[in-house]
Amino acid sequence: MIFHSLEVRQKALSLLREGIPNSEVARRLGVAKGTVGYWKHKERAERGERPGRRSPLCPRCDGRELDAPAYVQLLGLYLGDGHIVRPTAHSSPSLSVTLDDTWPGVQDECEAVMRAVLPDNSVHRVRRTGCQDVKVYSNHLPCLFPQHGPGPKNSRSIALAPWQRELIDAHPWQLIRGLIHSDGCRLTNWTVRTVGGERKRYEYPRYWFTNTSGDIRGLFTDTLDKVGVTWTSCPRGGVPYNISVARRPSVALMDAHVGPKY
C-alpha cells in the first residue's frame, strides 16, 4: 500500500477545485486515479455534499409548497407513534412511525402522507415483529417537526409553532385522524341495564384515545372541541391517560371523518 503525504493530498484537492480532471491530477502528481477520486469524494462528504444528487428542498427553509392536509395528518401520526433519531453512522435524521400489522390500511395511508409531505425523499418500511416502521430520511425533519427533542415525548413539553397551529386550524380532522390511527381506536362498548325488571345488554360504538403526554392529550381534546365533538376523560388509577368519545352525534361525526382502523 502506498501512503501519500498530506502535502500531496492538499495539492491534489487544490487542483481538483480548479476543475482539473481526476486523471490529469493523478498524472501530474504520480498518484493512482482511484486515490484521487477517493480524496475528492471524501472532501465532498465532509462538506455535506452528495455528488450527483440533488438536495431536496424544504417547505420551511426554501419555501417549497407543502401538502398541508397530508402534513397535519403526519404530524398526528408522529405525535402518537413516531420518533426522530439521528444515528452517528447516518448523515441525515430519520422519521419512523411504528404501526401494527393488524391495520395494513393505516400503514399504507401513513406511507402515502409521508410521500406527499417529502416527495423528493425515499420512503420505505422496516418490518418488525407484529409491526412495521414507515420511515423516511431528511435533513429537514427538525424544521418540519420542531417538537423533536431528546427523550420520550411524554417527558418533555410538546408545544406547537404558530405556523403549525394555522395548519391545524385549517385541517383539524387530519390531525384527529393521525392521532386516532396512531394512539386511538374505534371499539364497541357495552353495558347492562335493567328494563322492566329484566337485565339487558346494550352495545354502542366509542372512540378511544390513549397517550401519556398531557400536552398531546390536550392538543387532541382542543381539536375535538373545534370540530364540535364531545369527549370525556376516563382516568384509571387516578391517571387521566384515556379520552373517550361516546355520545351518538359525536361518534357519527368521527365516523364521517375518521372511521375504524383498517
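The values are calculated or read from the model by the stated rules, or taken from the named source; none is laboratory data. Everything numeric here is computed off the predicted structure, so don't read it as measured data. All Cβ positions, glycine included, derive from the backbone under ideal geometry; neighbour counts span all protein chains shown. With ligands, DNA and RNA removed, areas are computed over all heavy atoms of the protein, side chains included. Shrake-Rupley method; radii C 1.70, N 1.55, O 1.52, S 1.80 Å.
Would you check if residue 116 is surrounded by fewer than 19 Cβ atoms within 10 Å (Cβ to Cβ), at pLDDT 95 or above and touching an Asp or Glu at 6+ places or on another chain (Cβ under 6 Å)?
Numbers: surrounded by fewer than 19 Cβ atoms within 10 Å (Cβ to Cβ): yes; at pLDDT 95 or above: yes; touching an Asp or Glu at 6+ places or on another chain (Cβ under 6 Å): yes.
Yes; evaluated as a whole, the condition is true for this residue.
With respect to the numbered conditions (1) at pLDDT below 95; (2) farther than 20 Å from residue 65 by Cβ, which one is the sole condition not fulfilled by residue 104?
For residue 104, the exception is condition (1).
Is segment 184-196 home to any residue that is in a helix (DSSP H, G or I), under 23 Å from residue 81 (Cα atoms) and at pLDDT 95 or above?
Let us first name the residues in segment 184-196 that are in a helix (DSSP H, G or I), namely none.
Checked segment 184-196: no residue is in a helix (DSSP H, G or I), under 23 Å from residue 81 (Cα atoms) and at pLDDT 95 or above.
Name every residue in segment 52-100 that is surrounded by fewer than 13 Cβ atoms within 10 Å (Cβ to Cβ), in a loop (DSSP other than H, G, I, E, B) and modelled with pLDDT of 90 or more, in order of residue number.
Going residue by residue through segment 52-100, those that are surrounded by fewer than 13 Cβ atoms within 10 Å (Cβ to Cβ) are 52-55, 61-63, 65, 85, 87-91.
Cutting the leftovers down to in a loop (DSSP other than H, G, I, E, B) gives us 52-55, 61-63, 65, 87-91.
If the condition is that a residue be surrounded by fewer than 13 Cβ atoms within 10 Å (Cβ to Cβ), in a loop (DSSP other than H, G, I, E, B) and modelled with pLDDT of 90 or more, then 65 is the only one that fits.
Name the residues in segment 144-171 that are in a helix (DSSP H, G or I) and either aliphatic (A, V, I, L, M) or in contact with a His (Cβ under 9 Å, 6 or more places away or on another chain) (or both), would you? Break it down stepwise before answering.
Quick first cut of segment 144-171, residues in a helix (DSSP H, G or I) only: 144, 153-155, 162-170.
Scanning segment 144-171 gives 144, 153, 167, 168, 170.
Would you pick out the residues in segment 16-37 that are in contact with a Lys or Arg (Cβ under 7 Å, 6 or more places away or on another chain) and either surrounded by fewer than 17 Cβ atoms within 10 Å (Cβ to Cβ) or of a type in the set (D, E, K, R) (or both)? Step through it out loud before you land on a result.
Going through segment 16-37, the residues in contact with a Lys or Arg (Cβ under 7 Å, 6 or more places away or on another chain) turn out to be 16, 22-23, 26, 29.
Selection gives 23, 29.
What residue, among those in segment 203-262 that are assigned to a helix (DSSP H, G or I) and among the charged types (D, E, K, R), is least open to solvent (accessible area, probe 1.4 Å)?
Narrowing segment 203-262 to residues assigned to a helix (DSSP H, G or I): 214-226, 248-257.
Restricting the remaining residues to those that are among the charged types (D, E, K, R) gives 215, 217, 222, 225-226, 248, 255.
Values: 215: 69, 217: 34, 222: 86, 225: 89, 226: 118, 248: 203, 255: 60 Å².
Ranking the qualifying residues of segment 203-262, first place goes to 217.
Which one is nearest to residue 239 (Cα to Cα), of the residues in segment 157-193 that are surrounded by 14 or more Cβ atoms within 10 Å (Cβ to Cβ) and among the basic types (Lys, Arg)?
The qualifying residue nearest to residue 239 (Cα to Cα) is 186.
Which of (1) aliphatic (A, V, I, L, M); (2) more than 23 Å from residue 258 (Cα to Cα); (3) assigned to a helix (DSSP H, G or I) is the odd one out, the single condition residue 136 does not satisfy?
Single failed check for residue 136: (3).
Can you find even one residue in segment 155-176 that is of a type in the set (Lys, Arg) and touching a residue at least 24 places away in the same chain (Cβ under 8 Å)?
Narrowing segment 155-176 to residues of a type in the set (Lys, Arg): 156, 165.
Keeping just the survivors that are touching a residue at least 24 places away in the same chain (Cβ under 8 Å) gives none.
No - not one qualifying residue is present in segment 155-176.
Can you find a residue in segment 123-133 that is of a type in the set (Gly, Ala, Ser), touching a residue at least 24 places away in the same chain (Cβ under 8 Å), at positive phi and open to solvent by less than 70 Å² (accessible area, probe 1.4 Å)? Spell out how you get there, then give the answer.
Restricting attention to segment 123-133, the residues satisfying the condition of being of a type in the set (Gly, Ala, Ser) are 130.
In the following step, the residues that additionally are touching a residue at least 24 places away in the same chain (Cβ under 8 Å) were identified as 130.
Next, from what is left, pick out any that are at positive phi: 130.
Then keep just the ones that are open to solvent by less than 70 Å² (accessible area, probe 1.4 Å); that gives 130.
Yes: one or more hits.
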